[in-house]
C-alpha cells in the first residue's frame, strides 16, 4: 500500500465542525460517551424503542375495553410505568450524547413535550386529575413518535408543516369566494316568501350550503329542491361554484402540497448526504491520525537502529494496516472516475478486438473463396487448352 500523502491529517471543511470535534475529543468520559453514542445509533436501540411504541399503542387500544381494563388494571398500570421508564432512558441517553443538537430537531422536542405531559398527568393528585382530564389525551400522541423512525414519514410530516402557511392563504381565498357566492345566493334565492329560506335564508345557512357543495355532499338534492321552486338559474350558479371552489381550489391545494413535499425531499436528501460525508470525514480523520501515530513510532524506532533500512520499517507498518482503511492519494489513477473510465475503455477495447477478429475472419473467408474461383478458372482454361491442341 503506497504511503504518499495519506499520512497527513485531513482538514475539516469548517471551523465549527473542528470545534465540535475537539470538544468531543476532550471529554473526560470519552470511552463511555463513545459507547453510548454508538448505542443510540445502533439498530438494536432503535428497534427496542420502536417496539415499545407499538406495544404501548396496542395496550392503549386494549385498554379501551371496559371489562378488560378492570380485569387487568394492575397489568396496564405496571406496563404504563415501564413504558415511561423506557422513554425516560431514551431521553436521557440522547441528551447525554448531544445536549445542544437534540433541541434543534422538531421530533425530539415533540417527544419531550409528550413525555413531560405524561409525567405531569401520572403524578398529579386524584383531585387535580379530574379537572385536568384533558391531559389524558397525551398518551395517544405517543403513537405519532413512529414518525421519527421512518424517514418517508418525516419528509411528509415536515412538508405538511411547511405547507400550512400556503394552505392558509388558499383557504382564505376560498373563504372570500364563498362569501361572494353566499351573498349572491342570499339575494337571489333567500327570499322568505317564494325562495329557499332553509338553505339561503341567511348568511350562516348560505355558508353551510356552500360548504356542502365544496364537499359534493348531496348537491344534486339541493339542486333539485331549488329547481322545484322555479329558480332555473340555480343550475348555472351551483355548477359554477362547484367547478371553481371544488375542482380549481382542490387541485390548487394538492399542487401546493406536492411542491412543498418536493422541496422538503430535496432538502432532506441534501441533509442526509451532508451527514454521510461528515461521518466519512470523521472516519478518515481517525484513520489518518492512527496512521500518523504509527509512522511517528516507526521513525522513533528507526533512530534506535532497530531497522536496517526504511523499506524494512515500511513493511512493518504495512502489517499494522487493515483492509478497511481509507487510503487518500492525489494520483489520478486512484480516483473512482478514472477507474470507471478505465474499465469502460477496456470494454471498448475488447469490443474493438472482437470486431477486428470478425473482420479478419470475413476477409480470410472472402480471399479463400476468390482463390478457389481463380484455381477453378485456371483448371478450366487448362482443360480447354488441352482439348484444342489434340486435334492438330
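Nothing in this text is a laboratory measurement; each read-out follows from the coordinates by a stated rule. Everything numeric in this text was worked out from a predicted model, so none of it was measured. Cβ placement follows ideal geometry from the backbone for every residue including glycine, while neighbour counts extend to all protein chains displayed.
Here r is the Cβ-Cβ distance between residue 124 and residue 352 and R0 is 51 Å; the resulting FRET efficiency, rounded to 0.05, is 0.05.
Given R0 = 30 Å, the distance between the Cβ atoms of residue 266 and residue 166 translates into a calculated FRET efficiency of 0.95. Distance between the 7 Å Cα→Cβ label points at residue 95 and residue 300: 4.2 nm. Here the peptides 349-361, 200-212, 99-111 are ranked by packing, the mean other Cβ count within 10 Å, and the order with the highest first is 200-212, 99-111, 349-361. For the stretch 333-376, the alpha carbon convex hull comes to 38 Å³ per residue, rounded to a whole number. Maximal additional length on extending the residue 39-residue 71 stretch stands at 7.7 nm, based on 0.36 nm per residue less the C-alpha distance. With N counted as the residues of the stretch 76-118, its alpha-carbon radius of gyration over 2.2 N^0.38 Å works out to 1.23. Given points 7 Å out from each Cα along the Cα-Cβ axis, report the residue 79 to residue 236 separation in nanometres with one decimal. Here the answer is 6.4 nm between the modelled labels.
Label separation (residue 107 vs residue 61): 2.1 nm, computed from points 7 Å beyond Cα along the C-beta direction.
Considering all C-alpha pairs of the stretch 42-149, those separated by over 25 Å amount to 23%.
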